[in-house]
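Colleague: So that we are looking at the same thing, I have put the structure below in structure tokens.
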Amino acid sequence: MLSNQQLKGFQQQLQQTKQELKERLHDSGDFDLRRSMHDSTGELSSYDNHPGDQGTELYEREKDLALTEHYRDEISDIDRALTAIEAGEYGKCEVCSADIPLERLNAIPTTTFCVEHTPSRETSDNRPIEEEVLGPSFGKFDNEERNESVAFDAEDSWQEVASFGTSETPSDFAYPPNDYEDMYIDSEENIGYVEDYENFVGVDIYGKEITVYPNSQYEELKEELFEENIQTSFGDLPRYEHDPYVEEDKE
């Protein structure tokens, strides 16, 4: 149990701290949040400002918001503790009503909880949603197989930009491309389709009437299959799918 002298000492300390926090907020104009960002920086417009300067000002604005919120939370905690003093409940845990050690009150005069029932003791591992957009997207290339997607992803975006030219030279590749316009990773990757045959084979709206439209890729694939003596790029077809003319004559 706290003595009347100890309670009075804590009450005076809390009231003095509350007054100091209010004065800081007032003198700083709530950290300049009472004015717009343009007014606080002396700018009439953001139109002609460099994005880097805008980013710096935005960071400072966010910091002011965080400091203001922190001060207001402290004042709220002080009011909670002062209310507990007036109700004769200061020094006891709000949850279990156990006495709060004097050492803890000296360290944190605003607390109204014991150590075991302190709210938010665990550090949150939640990350800001903005990181999903601002994170290093290209770092996901190493996990391509796990994050495989048919959508236009970060890798596709990089390839689209790299197709206009990069600083890489043939010496940067184990197997240099034949054309300087292909000096980027996976430049040989198909665009708009996955398998080679999709570029020269088509069907009707019902998925039937298979039609082959001969082109250079068709001829290249045919030569490759002929050299490997296989029917498809993934091997021979199951026996029941063989055409009659490839069946060996048993006679």
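Colleague: If you go through the range 121-150, how many residues are assigned to a loop (DSSP other than H, G, I, E, B) and either modelled with pLDDT under 70 or open to solvent by 70 Å² or more (accessible area, probe 1.4 Å) (or both)?
Modeller: Number of matching residues: 18.
Colleague: Those residues that are in contact (Cβ under 8 Å) with a residue 12 or more places away in the chain, over 13 Å from residue 15 (Cα atoms) and surrounded by 13 or more Cβ atoms within 10 Å (Cβ to Cβ), I need them from the range 100-111; list them, please.
Modeller: 100, 105, 111
Colleague: If you don't mind, there's one more thing I want to ask. Spot the failing condition for residue 204; the list is (1) assigned to a loop (DSSP other than H, G, I, E, B); (2) modelled with pLDDT of 80 or more; (3) surrounded by 10 or more Cβ atoms within 10 Å (Cβ to Cβ), and only one is missed.
Modeller: (3)
Colleague: Does any residue in the range 211-227 that is aromatic (Phe, Trp, Tyr) come within less than 9 Å, Cβ to Cβ, of a residue that is open to solvent by less than 60 Å² (accessible area, probe 1.4 Å) six or more places away or on a different chain, and which pairs are these?
Modeller: 213/200; 213/201; 213/202; 218/200; 218/201
Colleague: Moving on to the next point. Which one of these is loosely packed, with under 10 Cβ neighbours inside 10 Å and closer than 30 Å to residue 165 by Cβ: 216, 187? Full working, then the answer.
Modeller: Working: 187 fails: loosely packed, with under 10 Cβ neighbours inside 10 Å.
Sole residue among the options that is loosely packed, with under 10 Cβ neighbours inside 10 Å and closer than 30 Å to residue 165 by Cβ: 216.
Colleague: Residue 167 - would you say it is surrounded by 12 or more Cβ atoms within 10 Å (Cβ to Cβ) and not β-branched (Val, Ile, Thr)?
Modeller: Details: surrounded by 12 or more Cβ atoms within 10 Å (Cβ to Cβ): no; not β-branched (Val, Ile, Thr): yes.
Spelling it out, it is not the case that residue 167 is surrounded by 12 or more Cβ atoms within 10 Å (Cβ to Cβ) and not β-branched (Val, Ile, Thr).
Colleague: Looking at the range 69-109, which of its residues are touching a helix residue (DSSP H, G or I) at 6+ places or on another chain (Cβ under 7 Å) and in a helix (DSSP H, G or I)?
Modeller: Of everything in the range 69-109, those that are touching a helix residue (DSSP H, G or I) at 6+ places or on another chain (Cβ under 7 Å) and in a helix (DSSP H, G or I) turn out to be 71, 74, 75, 78, 81, 82, 85, 105.
Colleague: Kindly check whether there is at least one residue in the range 184-202 that is among the charged types (D, E, K, R) and over 43 Å from the mean Cα position of the chain (by Cα).
Modeller: No - not one qualifying residue is present in the range 184-202.
The values are calculated or read from the model by the stated rules, or taken from the named source; none is laboratory data. All of these numbers come straight from a predicted model, not from anything done at the bench. We place every Cβ from the backbone using ideal geometry, glycine too, and count neighbours over all the protein chains shown. The protein model used for the area step is the full one, side chains on, heavy atoms only, and it has no ligands, DNA or RNA in it. Shrake-Rupley method; radii C 1.70, N 1.55, O 1.52, S 1.80 Å.
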